[in-house]
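A quick write-up on the structure given underneath.
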Amino acid sequence: MSSLRPQMMTAALGCTFIVTSDGCIYVCGHGQDGRLGLGTVDHVIIPRPIHLKVCITKVASFYCGQHALALTINGTVLSWGSNIYGQLGNGHCRNVLHPGVVETISNKCIVDIACGSDSSAAISDHGELFTWGCGFQGCLGHGNGETYKLPKKVEELNDFHVNKVACGCWHMLAIVDNDRVWSWGHGHYGQLGHGHSGNCLKPKIVEQLPHTIWAKVVCGWDVSFALSHDGYVWSW
């Protein structure tokens, strides 16, 4: 595998994605629902390339999810795999076996992507956040628990610049204006950091975190992490 010159790696349920330094995607593992993006549902035991005509900079997936997103060097988003909740953003709920463009946001220059178990998110170069897929427990941030088969802008953050986003099973985190962390969705185990176990249908600032420059946020199943620019990790 080292001969592929990996630039980044990520995993979904039973499969692995490798982005190489020359912008190619190699995949291996479980092929159900087309999650490998190879055009079949076959399992693959040795990494194989997804044949694309574009250079890829990032692949996003969730460790228990069955779909993936890819970001091209031109800021276009591709999606494939399981689509039972419309998490591929193509307006229907049929599985897709090979990467296809998410057309609704193809006129935007996307700079970051993330996948939850059945949801997806993307950030434009203007700091706009788009989410779609399963909205259970309010995890999409649109003020309800509905399913969205097409990307929809998170209006609660219209007046802010979103820098980074992370998706969990049913909650999301975002770094906003570089110095604040916001959260929304399922909160039963306190993973939103709001001091209670209730759900939050729209993005809300995590007030207990300090005003500082944040480098990264990460969501687990029911747990959250934030990494500050000066190297401190916060968890809840």
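Quantify how much of the Cα-Cα distance distribution of the stretch 1-101 extends past 22 Å, in percent. Of all Cα-Cα pairs in the stretch 1-101, 19 percent lie more than 22 Å apart. When a 1.4 Å probe is rolled over the protein heavy atoms, the share of accessible surface on the stretch 157-217 that falls to carbon and sulfur comes to 49 percent.
Kindly rank 45-53, 142-150, 24-32 from highest to lowest mean number of other beta carbons found within 10 Å of each residue. Spell out each step's value before the answer.
Values: 45-53: 12.7, 142-150: 16.7, 24-32: 19.1.
Top of the packing list down: 24-32, 142-150, 45-53.
Once neighbouring chains are kept in place and the probe is 1.4 Å, which whole percent of the accessible area of the stretch 60-127 is contributed by carbon and sulfur? Mind dumping the intermediate values first?
Values: 1160 of 2320 Å².
It is 50 percent, rounded to a whole number.
In the stretch 72-209, one over the average inverse separation of all distinct C-alpha pairs is 14.7 Å, which is the Kirkwood hydrodynamic radius.
For the stretch 140-236, the Kirkwood estimate of the hydrodynamic radius, built from every pair of different alpha carbons, is 13.3 Å.
By the compact-protein rule of thumb, 2.2 N^0.38 Å, the alpha-carbon radius of gyration of the stretch 86-159 corresponds to a ratio of 1.03. All alpha carbon pair distances within the chain were sorted into 10 Å bins beginning at 0; the resulting P(r) in whole percents reads 9, 34, 37, 18, 3.
Considering just Cα atoms, how many Å³ per residue does the convex hull of the stretch 101-140 enclose? Spell out each step's value before the answer.
Values: hull volume 2.7 nm³, N = 40.
Looking at the stretch 101-140, the number lands at 68 Å³ per residue.
With every protein chain kept in place and ligands, DNA and RNA left out, what is the accessible area per residue of the chain? Probe 1.4 Å, answer in Å².
44
The values are calculated or read from the model by the stated rules, or taken from the named source; none is laboratory data. Not measured: the values here are computed from a predicted model. Cβ coordinates were reconstructed from backbone atoms using ideal geometry, including for glycine residues, and neighbour counts include every protein chain displayed. For the accessible areas, the whole protein counts, side chains as well, though only heavy atoms, and no ligand, DNA or RNA atoms are used. Shrake-Rupley method; radii C 1.70, N 1.55, O 1.52, S 1.80 Å.
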